[in-house]
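Enquirer: Below is a structure I'd like to ask you about.
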Amino acid sequence: MDGLNKGLRKVEIAVRWDPSPAGQPSTDLDLVAATYPADDPHGDPAYVVHFDSRSPDGTIYLNRDSKDGQGFGFDEVMTLELERLDPRYARVVVGVVIQQRPAERTFVSVVNPGLRIREGYDVLAEDDFGGVLGATASTVAEFVREGTGPWRFRPGLRGFEGDPVAFTRTMGALGRP
């Protein structure tokens, strides 16, 4: 039956959090996605998509961006149109970064965070970042394919402690086999 399996086609990654308590600096979470070529799926990313950017071919883009968690429902939403992604790419890693201005933050200080990954109405994963409370960033999803085969989802959070810029350079290596 593998011939009938189309794999993942269009996936939505969504993050929510509540605003910081009165008198506290705003908390800003950002979704980021890095795309890796088939010939080096754990090396340097071919490109990174984050706030104020999208993939060169328009297949990965941010639908909603919040700087303070004051939205209804999910505050940050990113769409990955995997079925349209060029065959030269075999891996996409998605992460969440906590902006470190004006105060240094980890997930333990984010009020009521949540993550949802879905394709259409099918929820692939949900999480509250409880497993990475001391991290300043975390990978949240990995999508892989072999050759021109179907895209598969690998769930799991992997925390990162450090600068957000360093995270985007190394986030693909966090899941290295």
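The values are calculated or read from the model by the stated rules, or taken from the named source; none is laboratory data. Everything quoted here is computed from the prediction, not taken from an experiment. Virtual Cβ from ideal backbone geometry, glycine too; neighbours counted across all protein chains shown. With ligands, DNA and RNA removed, areas are computed over all heavy atoms of the protein, side chains included. Shrake-Rupley method; radii C 1.70, N 1.55, O 1.52, S 1.80 Å.
Enquirer: Pairs only if they're at least six apart or on different chains, beta carbon under 6 angstrom, first in the stretch 119-133 and modelled with pLDDT of 95 or more, second exposed (fewer than 14 other Cβ atoms within 10 Å of the Cβ); list them, first residue then second.
Expert: What qualifies is Ala125/Pro155; Leu133/Val108.
Conditions tested, residue by residue: (1) open to solvent by 20 Å² or more (accessible area, probe 1.4 Å); (2) among the aliphatic types (A, V, I, L, M); (3) more than 30 Å from Arg84 (Cα to Cα).
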position	(1), (2), (3)
Thr106	yes, no, yes
Ser138	no, no, no
Leu157	yes, yes, no
Gly172	no, no, no
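Enquirer: Ok, one more. Looking at (1) out of contact with any strand residue (DSSP E or B) (no Cβ under 6 Å at 6 or more places or on another chain); (2) not in a loop (DSSP other than H, G, I, E, B), which one does Gly43 not meet, given that it meets all the others?
Expert: Among (1) out of contact with any strand residue (DSSP E or B) (no Cβ under 6 Å at 6 or more places or on another chain); (2) not in a loop (DSSP other than H, G, I, E, B), Gly43 violates only (2).
Enquirer: When the stretch 46-65 is examined, which residues are found to be in contact with an Asp or Glu (Cβ under 7 Å, 6 or more places away or on another chain) and open to solvent by 50 Å² or more (accessible area, probe 1.4 Å)?
Expert: The answer is His50, Phe51, Asp57, Arg64, Asp65.
Enquirer: Specify the residue that is modelled with the lowest pLDDT; the eligible residues are those in the stretch 140-155 that are open to solvent by 30 Å² or more (accessible area, probe 1.4 Å) and within 16 Å of the chain's Cα centre (by Cα).
Expert: Out of the qualifying residues, it is Pro155.
Enquirer: Which one is nearest to Ala166 (Cα to Cα) among residues in the stretch 14-40 that are of a type in the set (Asp, Glu) and assigned to a loop (DSSP other than H, G, I, E, B)?
Expert: Asp28
Enquirer: While we're looking at this one, here's another question. Being within 14 Å of Val15 (Cβ to Cβ) and not in a strand (DSSP E or B) is the filter; apply it to the stretch 118-132 and report the residue that is most open to solvent (accessible area, probe 1.4 Å).
Expert: Asp128
Enquirer: Further, regarding this structure: Pairs please, first residue from the stretch 57-73 and at positive phi, second anywhere and open to solvent by less than 50 Å² (accessible area, probe 1.4 Å) and in a strand (DSSP E or B), Cβ atoms under 9 Å, 6+ apart in sequence or on different chains.
Expert: Gly58/Glu81; Gly69/Leu29; Gly73/Ala14
Enquirer: Just name the residue that is least open to solvent (accessible area, probe 1.4 Å) out of those in the stretch 108-117 that are of a type in the set (A, V, I, L, M) and touching an Asp or Glu at 6+ places or on another chain (Cβ under 7 Å).
Expert: Leu115
Enquirer: Follow-up question, since we're still on this one. Return yes when Gly156 is on the phi > 0 side of the Ramachandran plot and either in a strand (DSSP E or B) or in contact with a Lys or Arg (Cβ under 7 Å, 6 or more places away or on another chain) (or both) and no when it is not.
Expert: Spelling it out, Gly156 is indeed on the phi > 0 side of the Ramachandran plot and either in a strand (DSSP E or B) or in contact with a Lys or Arg (Cβ under 7 Å, 6 or more places away or on another chain) (or both).
Enquirer: Now a separate question. Only one residue in Arg101, Arg88, Arg16 is touching a Pro at 6+ places or on another chain (Cβ under 9 Å), within 18 Å of Arg145 (Cβ to Cβ) and open to solvent by 40 Å² or more (accessible area, probe 1.4 Å), so which one is that?
Expert: On inspection, the qualifying residue turns out to be Arg88.
Enquirer: Condition check: touching a Leu at 6+ places or on another chain (Cβ under 8 Å) and either of a type in the set (Gly, Ala, Ser) or in contact (Cβ under 8 Å) with a residue 24 or more places away in the chain (or both). Does Leu85 satisfy that?
Expert: No.
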